[in-house]
Amino acid sequence: MKLKRKSALITGITGQDGSYLAEFLVAKGYKVYGLVRRTSTDPLARLESLYFSHKVTFINGNMRDSAALQRAVEIAKPDEIYNLAAQSDVGISFTCPEETMEVNYHGLGRLLYEAMKVNPKVRIYQASTSEMFGRSKPPQSEKTDFHPVSPYGEAKLRAHLDYVVGYREKHGLYICSGILFNHESPRRGKHFVTRKITHSLAKIKLGLQDKFELGNLEAKRDWGFAGDYIEAMWMMLQKPMPEDFVVATGESHTVRDFVEEAAGALNIKISWHGKGLRELAKDEGGKVILSINKSFFRPEEVVYLLGNSSKARKVLGWKPKVKFKELVKLMIEHDLKNLAH
Ligand code: GDD
């Protein structure tokens, strides 16, 4: 007897995680549908090969539009939904708090309402985040209290409490939060700090740029590889009962460490000079390649994130494959290669 192919709907399919997840699910034999928001820039940059080989179906719409979400779930008739669509930039959430709440909180509410009408047995993955821990002391696990400090973290926490925990307990919905710590890749947007660093330093190495600017160098993040993390999303939805999981490497580094590792991977020897807002990094010839700009600091900062993912390792059998040094190297190699031609 031929088994029916599973159908998955990915909101946020055009983003870093969405594109890796789409490839992963297509390889597993899923019918993959993606919600695509209209933008004036090319939304398909990360998905061209899947799109032109007709391996995914795109559905126009966004998280603010109930009619579009209704249409999306009616077309996809999903067995699984991965809600990755978000205003995902923490810094921008301070200047656009309403949009952040509208998309990251109310958007999930709209999606659940429409999805449950089409298939009450649907399994839903919600992209929750380590930003929800905010000020909580590291290491952070599923048992750690939440203390978000940004509008982004607050919106994600409300979505987690009201719609993930709330709908699971009150309506018996199969929904899980993946509490993912920072995850990066060559597909990361250049406004996030890791890609900003690798892309800028690669340009400097090739003589295409003189210098670049950053904000807080002392923030500590638990950085993993996005390609590893999307596998954990899928694993969560294969369990008989829905549960929440922290996904992290268990290793934390400062932004400064990331700069040093990336410079090292390019054979740029850097030295630090000065303090605070006047701090600079110079190359071995004494040229300033990095300075600090106050505008990249946030009104409130999450100082130290370090995840304890032992539950995911034990219950899901998940573990990260790519370590910090390898992650930096693969991002640098990608940027160098892309910029060189
Ligand atoms: N973006 C950015 N740009 N961040 C900078 C800069 C800069 O020029 N200089 C220093 N930073 C610091 C930020 O203040 C922050 O402490 C750290 O670098 C990481 O910033 P981002 O790369 O923007 O990521 P994030 O930690 O705020 O949020 C990411 O990870 C979350 C999971 O913890 C995003 O992907 C979120 O969507 C995700 O939920």
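When the solvent-accessible surface of protein heavy atoms is calculated with a 1.4 angstrom probe, in what order do ASP257, ASP145 fall, highest first? All intermediate terms of the calculation are to be shown ahead of the outcome.
Details: ASP257 55, ASP145 105 Å².
Descending accessible area places them as ASP145, ASP257.
Taking a 1.4 Å probe, which of TYR33, TYR167 shows the most accessible area, and what order do the others take after it? Before the final figure, lay out the partial values.
Working: TYR33 35, TYR167 55 Å².
The residues order as TYR167, TYR33, largest area first.
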So in the chain, what percent of DSSP beta bridges are antiparallel if you round to the nearest 5? 20
For the chain, the longest principal axis of the Cα atoms and the Cα long axis of helix 16-27 enclose an angle in degrees, to the nearest 10, of 50
Modelling each spin label as a point 7 Å along the Cα-to-Cβ direction, I'd like the GLU213/VAL118 distance in nm, to one decimal. 4.5
If I ignore ligands, DNA and RNA and count only protein heavy atoms, how much of PHE245 is accessible to a 1.4 Å probe, in Å² to the nearest 10? 0
Among rounded, prolate and oblate, which fits the chain when a ≥ b ≥ c are the square roots of the eigenvalues of its C-alpha gyration tensor, a/c under 1.5 means rounded, and a/b larger than b/c means prolate? prolate
Expressed as an acute angle from 0 to 90° and rounded to the nearest 10, what is the orientation of the C-alpha long axis of helix 193-205 relative to the principal long axis of the chain? 40
Within the stretch 207-329, what percent of beta bridges assigned by DSSP are antiparallel, to the nearest 5? 65
How much accessible surface area, in Å² rounded to 10, belongs to the heavy atoms of TRP272 with a 1.4 Å probe? 70
Residue-averaged [θ]222 nm for the chain, counting only DSSP H segments that reach four residues, each worth -39500 (n - 2.57): -10000 deg cm²/dmol
With Cα atoms, 0 to 90° folded angle of helix 255-265 axis to the chain main axis: 70
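Rank these residues by their accessible area, most exposed first, probe 1.4 Å: ARG64, ARG278. Spell out each step's value before the answer.
On the way: ARG64 120, ARG278 195 Å².
Reading off the accessible areas and sorting them downward yields ARG278, ARG64.
Over the stretch 107-266, with every protein chain in place, what whole percent of the accessible area is carbon and sulfur at 1.4 Å, could you tell me? Display every interim value, and only then the final one.
Details: 2900 of 5880 Å².
Accessible surface attributable to carbon and sulfur in the stretch 107-266 totals 49 percent.
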Using each residue's phi in the stretch 232-241, evaluate 6.51 cos²θ - 1.76 cosθ + 1.60 at θ = phi - 60° and report the 3J(HN,Hα) Karplus result to the nearest Hz, with x for Gly and Pro. 5, 4, 5, 4, 4, 7, 8, 7, x, 10
In whole Å, what is the distance between the alpha-carbon centres of the stretch 303-341 and the stretch 25-80? 26
With a 1.4 Å probe and every protein chain left in place, tell me how much accessible area ARG188 has, in Å² to the nearest 10. 40
Quick one: if the Förster radius is 41 Å, what FRET efficiency do ASN293 and LYS325 give, using the C-beta to C-beta distance and rounding to 0.05? 0.90
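Restricting attention to the stretch 194-248, which GluC sites (Glu not before Pro) occupy a DSSP loop and are surrounded by at most 16 other Cβ atoms within 10 Å? Intermediate values should be presented prior to the final figure.
On the way: sites: GLU213, GLU218, GLU231, GLU243; in loops: GLU218, GLU243.
Here the GluC sites (Glu not before Pro) that fit, given the DSSP loop and packing criteria, are GLU218, GLU243.
The values are calculated or read from the model by the stated rules, or taken from the named source; none is laboratory data. Since we're looking at a predicted model, the values are computed, not measured. So basically every Cβ, Gly included, is an ideal-geometry build from the backbone, and we count neighbours across all protein chains shown. Surface areas here come from the heavy atoms of the whole protein model, side chains and all, with no ligands, DNA or RNA. Shrake-Rupley method; radii C 1.70, N 1.55, O 1.52, S 1.80 Å.
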